[in-house]
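To start, the structure itself, in C-alpha coordinates.
The values are calculated or read from the model by the stated rules, or taken from the named source; none is laboratory data. Nothing here was measured: the structure is a model prediction, and the numbers come from that model. Reconstructed Cβ throughout: ideal geometry from the backbone, glycine too, with neighbour counts over all protein chains shown. For the accessible areas, the whole protein counts, side chains as well, though only heavy atoms, and no ligand, DNA or RNA atoms are used. Shrake-Rupley method; radii C 1.70, N 1.55, O 1.52, S 1.80 Å.
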Amino acid sequence: MNSLDKFDCAILAALQMDGTLSIAALSERIGLSSTPCWKRVKRLEEDGYIERRVAIVNRQRVGLPVTVFVSVRTGQHDEKWLASFAAAVMALSEVQEFHRMSGDVDYLLKVVTTDIGGYDAFYKKLIKSTKLSGVSSAFSMEQIKCTTALPLELIARGLPA
(Lines give C-alpha, C1' and ligand atoms only; values in the text may rest on other atoms or scores of the structure.)
Protein backbone atom coordinates (compact mmCIF):
# COMPACT_ATOMS: atom_id res chain seq x y z
CA MET A 1 0.00 0.00 0.00
CA ASN A 2 2.60 2.56 1.05
CA SER A 3 6.04 2.77 2.57
CA LEU A 4 5.29 5.37 5.23
CA ASP A 5 6.39 5.19 8.83
CA LYS A 6 5.33 7.29 11.82
CA PHE A 7 7.92 9.98 11.10
CA ASP A 8 6.70 10.27 7.50
CA CYS A 9 3.11 10.60 8.71
CA ALA A 10 4.19 13.22 11.25
CA ILE A 11 5.97 15.21 8.51
CA LEU A 12 2.93 15.02 6.23
CA ALA A 13 0.56 15.99 9.05
CA ALA A 14 2.70 19.00 10.01
CA LEU A 15 3.08 20.19 6.40
CA GLN A 16 -0.69 19.84 5.83
CA MET A 17 -1.22 22.36 8.62
CA ASP A 18 1.61 24.70 7.55
CA GLY A 19 3.40 24.15 4.26
CA THR A 20 5.75 27.04 5.01
CA LEU A 21 7.51 25.31 7.91
CA SER A 22 11.28 25.44 7.59
CA ILE A 23 13.18 22.17 7.83
CA ALA A 24 14.53 23.32 11.21
CA ALA A 25 11.03 23.98 12.58
CA LEU A 26 9.66 20.78 11.03
CA SER A 27 12.49 18.62 12.40
CA GLU A 28 12.01 20.11 15.88
CA ARG A 29 8.26 19.50 15.72
CA ILE A 30 8.56 15.82 14.78
CA GLY A 31 11.68 14.96 16.77
CA LEU A 32 14.24 14.31 14.05
CA SER A 33 17.46 16.16 13.30
CA SER A 34 17.45 18.45 10.26
CA THR A 35 19.31 16.29 7.74
CA PRO A 36 17.17 13.13 8.13
CA CYS A 37 14.04 15.31 8.15
CA TRP A 38 15.10 17.07 4.95
CA LYS A 39 15.89 13.72 3.29
CA ARG A 40 12.45 12.40 4.24
CA VAL A 41 10.70 15.50 2.87
CA LYS A 42 12.63 15.15 -0.41
CA ARG A 43 11.70 11.45 -0.63
CA LEU A 44 8.05 12.22 0.11
CA GLU A 45 8.09 14.79 -2.70
CA GLU A 46 9.90 12.50 -5.16
CA ASP A 47 7.59 9.56 -4.37
CA GLY A 48 4.49 11.70 -4.94
CA TYR A 49 3.19 11.81 -1.35
CA ILE A 50 3.60 15.59 -1.44
CA GLU A 51 2.16 16.77 -4.73
CA ARG A 52 2.62 20.52 -4.25
CA ARG A 53 2.48 23.27 -1.65
CA VAL A 54 -0.11 26.00 -1.99
CA ALA A 55 -1.59 28.99 -0.21
CA ILE A 56 -5.24 28.69 0.76
CA VAL A 57 -6.96 31.91 -0.26
CA ASN A 58 -9.98 33.26 1.64
CA ARG A 59 -12.86 33.07 -0.87
CA GLN A 60 -14.95 35.76 0.82
CA ARG A 61 -12.06 38.23 0.96
CA VAL A 62 -11.39 37.90 -2.77
CA GLY A 63 -15.08 38.12 -3.76
CA LEU A 64 -15.96 34.46 -4.41
CA PRO A 65 -18.34 33.74 -1.52
CA VAL A 66 -20.82 31.44 -3.29
CA THR A 67 -20.31 27.66 -3.37
CA VAL A 68 -22.56 25.52 -5.54
CA PHE A 69 -22.66 21.74 -5.80
CA VAL A 70 -23.70 20.85 -9.34
CA SER A 71 -25.08 17.39 -10.10
CA VAL A 72 -24.79 16.36 -13.74
CA ARG A 73 -26.58 13.50 -15.44
CA THR A 74 -25.89 12.25 -18.94
CA GLY A 75 -27.16 9.53 -21.22
CA GLN A 76 -23.72 9.07 -22.75
CA HIS A 77 -21.04 7.03 -21.03
CA ASP A 78 -18.47 6.30 -23.73
CA GLU A 79 -14.79 7.25 -23.43
CA LYS A 80 -14.89 9.82 -26.23
CA TRP A 81 -17.79 11.70 -24.61
CA LEU A 82 -16.12 11.59 -21.19
CA ALA A 83 -12.84 12.91 -22.59
CA SER A 84 -14.69 15.79 -24.25
CA PHE A 85 -16.76 16.57 -21.14
CA ALA A 86 -13.75 16.32 -18.82
CA ALA A 87 -11.76 18.71 -21.02
CA ALA A 88 -14.66 21.19 -21.04
CA VAL A 89 -15.07 21.03 -17.25
CA MET A 90 -11.31 21.29 -16.64
CA ALA A 91 -11.31 24.53 -18.64
CA LEU A 92 -13.93 26.11 -16.34
CA SER A 93 -11.95 27.93 -13.65
CA GLU A 94 -14.96 28.08 -11.32
CA VAL A 95 -14.80 24.31 -10.81
CA GLN A 96 -12.78 23.40 -7.74
CA GLU A 97 -13.64 19.70 -7.69
CA PHE A 98 -14.92 17.30 -10.35
CA HIS A 99 -16.04 13.77 -9.44
CA ARG A 100 -17.48 10.83 -11.40
CA MET A 101 -20.13 9.35 -9.14
CA SER A 102 -22.05 6.15 -8.57
CA GLY A 103 -25.81 6.21 -8.17
CA ASP A 104 -28.36 8.55 -9.74
CA VAL A 105 -25.90 11.38 -10.42
CA ASP A 106 -23.16 10.80 -12.99
CA TYR A 107 -20.86 13.73 -12.08
CA LEU A 108 -20.61 16.15 -9.19
CA LEU A 109 -18.91 19.53 -9.45
CA LYS A 110 -17.96 21.89 -6.65
CA VAL A 111 -18.14 25.40 -8.06
CA VAL A 112 -17.19 28.75 -6.53
CA THR A 113 -18.42 32.03 -7.91
CA THR A 114 -19.28 35.64 -7.14
CA ASP A 115 -23.08 35.52 -6.90
CA ILE A 116 -26.22 34.12 -8.57
CA GLY A 117 -25.37 35.97 -11.78
CA GLY A 118 -21.88 34.48 -11.73
CA TYR A 119 -23.36 31.03 -11.33
CA ASP A 120 -25.80 31.64 -14.19
CA ALA A 121 -22.89 32.57 -16.46
CA PHE A 122 -21.06 29.40 -15.38
CA TYR A 123 -24.20 27.29 -15.96
CA LYS A 124 -24.56 28.64 -19.51
CA LYS A 125 -20.92 27.75 -20.28
CA LEU A 126 -21.40 24.27 -18.82
CA ILE A 127 -24.53 23.36 -20.79
CA LYS A 128 -23.00 24.79 -23.96
CA SER A 129 -19.93 22.56 -23.57
CA THR A 130 -21.61 19.20 -24.27
CA LYS A 131 -24.94 17.37 -24.31
CA LEU A 132 -26.24 16.66 -20.80
CA SER A 133 -29.43 14.91 -19.61
CA GLY A 134 -29.82 17.07 -16.54
CA VAL A 135 -28.12 19.60 -14.33
CA SER A 136 -29.18 20.25 -10.75
CA SER A 137 -27.65 22.85 -8.46
CA ALA A 138 -27.53 23.05 -4.67
CA PHE A 139 -26.26 26.30 -3.15
CA SER A 140 -24.28 26.01 0.07
CA MET A 141 -25.95 28.12 2.74
CA GLU A 142 -23.09 27.85 5.23
CA GLN A 143 -19.69 26.19 5.19
CA ILE A 144 -19.42 24.38 8.51
CA LYS A 145 -16.17 22.51 7.96
CA CYS A 146 -13.54 22.87 5.29
CA THR A 147 -10.13 21.27 5.38
CA THR A 148 -7.50 20.10 2.97
CA ALA A 149 -5.85 17.93 5.64
CA LEU A 150 -6.12 14.17 5.17
CA PRO A 151 -6.82 12.07 8.31
CA LEU A 152 -3.32 10.60 8.45
CA GLU A 153 -3.91 9.29 11.96
CA LEU A 154 -6.00 6.54 10.33
CA ILE A 155 -2.92 5.10 8.62
CA ALA A 156 -0.37 6.08 11.25
CA ARG A 157 -1.72 3.58 13.79
CA GLY A 158 0.49 0.55 13.90
CA LEU A 159 3.18 1.94 11.59
CA PRO A 160 6.82 1.44 12.53
CA ALA A 161 8.73 4.45 13.85
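When you go through 152, 132, 109, 126 one by one, which is the residue that is in contact with an Asp or Glu (Cβ under 8 Å, 6 or more places away or on another chain) and among the hydrophobic types (A, V, I, L, M, F, W, C)? Within the list 152, 132, 109, 126, the selection yields 109. Please work out which residue is most open to solvent (accessible area, probe 1.4 Å), limiting yourself to the range 1-19 and to residues that are outside any helix (DSSP H, G or I) and more than 24 Å from residue 57 (Cβ to Cβ). Ranking the qualifying residues of the range 1-19, first place goes to 1. Is it true that residue 133 is surrounded by fewer than 10 Cβ atoms within 10 Å (Cβ to Cβ) and not charged (D, E, K, R)? Criteria not met by residue 133. Taken over the range 20-33, residues that are loosely packed, with under 14 Cβ neighbours inside 10 Å and outside any helix (DSSP H, G or I) amount to 4. Inspect all residues belonging to the range 93-105 and state whether any of them is closer than 26 Å to residue 13 by Cβ and crowded, with 16+ Cβ neighbours inside 10 Å. No; the residues of the range 93-105 include none that is closer than 26 Å to residue 13 by Cβ and crowded, with 16+ Cβ neighbours inside 10 Å. The lone criterion from (1) surrounded by 11 or more Cβ atoms within 10 Å (Cβ to Cβ); (2) within 15 Å of residue 133 (Cα to Cα); (3) touching a residue at least 24 places away in the same chain (Cβ under 8 Å) left unmet by residue 77 is number (1).
The number of residues in the range 42-59 that are more than 18 Å from residue 155 (Cβ to Cβ) and either of a type in the set (Val, Ile, Thr) or part of a loop (DSSP other than H, G, I, E, B) (or both) comes to 7. When 94, 153 are checked against the criterion of being out of contact with any Gly (no Cβ under 7 Å at 6 or more places or on another chain) and within 15 Å of residue 59 (Cβ to Cβ), 94 stands alone in meeting it. Residue pairs whose Cβ atoms lie under 7 Å apart, separated by 6 or more positions or on different chains, with the first residue in the range 43-61 and over 11 Å from residue 16 (Cα atoms) and the second part of a helix (DSSP H, G or I) and open to solvent by less than 80 Å² (accessible area, probe 1.4 Å), are 44/8; 44/11; 44/12; 49/12.
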